[in-house]
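Here's the structure we're looking at; comments come further down.
No lab work stands behind these numbers, since they all come straight from the coordinates. What you see is a predicted model; the values in this text were computed from it and never measured. Here Cβ is always computed from backbone atoms with ideal geometry, including for glycine, and neighbour counts include all displayed protein chains.
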Amino acid sequence: MNIGILSGPNLNLLGTREPAIYGRATLDDILAALGVVADELGVTLRHAQSNSEGALIDTLHAWRGEVAGVVVNAGAYTHTSLALRDAFSATAIPFVEVHLSNIHAREPERRHSMLASASLGMVCGLGAAGYEYALRGLVGALRARG
Ligand code: DQA
């Protein structure tokens, strides 16, 4: 089973980006930790990061039929991108949303996710460890579907 990890804008700067909010783990650190979990779960990961909304959508189109599901942190596009939600719906790729910070405890403009209504679920506020929980939850849900 292939699983996509999709990372949105500014997540390439994790490690140095507002560490009081997002922690000190880099995106590579997070991916390395996910790789260990993926091995345990018997799944293969693909990863894409882009600062461009269109490139994230193009990635989902390319992953159609290739990944069984996606863990996505869409960064600020979470709060704005109906187009990204449409891409998930159009490709019918099941996904779990993850955020390092607790978006519901932050500024009002971060408290709504455009993606959430189409997601299997969301993990937020648990820092880098949330990616592991999201991956485990996604794979569990996909396997339960059969
Ligand atoms: C984020 C939260 C978003 O509001 C923000 O724009 C990000 C990161 C998080 O992981 O906490 O870029 O998705």
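Summary table below
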| read-out | value |
| --- | --- |
| Tabulated pairs, region 92-103, first farther than 18 Å from Leu27 by Cα, second within 7 Å of the ligand (Cβ to nearest atom) and in a helix (DSSP H, G or I), C-beta under 6 angstrom, 6+ apart or interchain | Ile103/Arg110 |
| Residues within region 11-28 that are under 20 Å from Val96 (Cβ atoms) and surrounded by fewer than 18 Cβ atoms within 10 Å (Cβ to Cβ), tallied | 0 |
| Unique residue being in a helix (DSSP H, G or I) and either touching a helix residue (DSSP H, G or I) at 6+ places or on another chain (Cβ under 7 Å) or farther than 18 Å from Ser113 by Cα (or both) when the list is Gly35, Gly65 | Gly35 |
| Failed criterion for Ile21 (all others in (1) within 12 Å of the ligand (Cβ to nearest atom); (2) at positive phi hold) | (2) |
| Complete set of residues in region 62-83 that are surrounded by 13 or more Cβ atoms within 10 Å (Cβ to Cβ) and among the aliphatic types (A, V, I, L, M) | Ala62, Val67, Ala68, Val70, Val71, Val72, Ala74, Ala76, Ala83 |
| Any hit, region 58-67, residues being within 16 Å of the ligand (Cβ to nearest atom) and charged (D, E, K, R) | no |
| Flag if Gly137 is closer than 20 Å to Ile30 by Cβ and in a helix (DSSP H, G or I) | yes |
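Residues checked against (1) over 18 Å from Gly125 (Cβ atoms); (2) over 13 Å from the mean Cα position of the chain (by Cα):
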residue: Gly8; (1), (2): no, no
residue: Arg24; (1), (2): no, yes
residue: Asp39; (1), (2): yes, yes
residue: His99; (1), (2): no, no
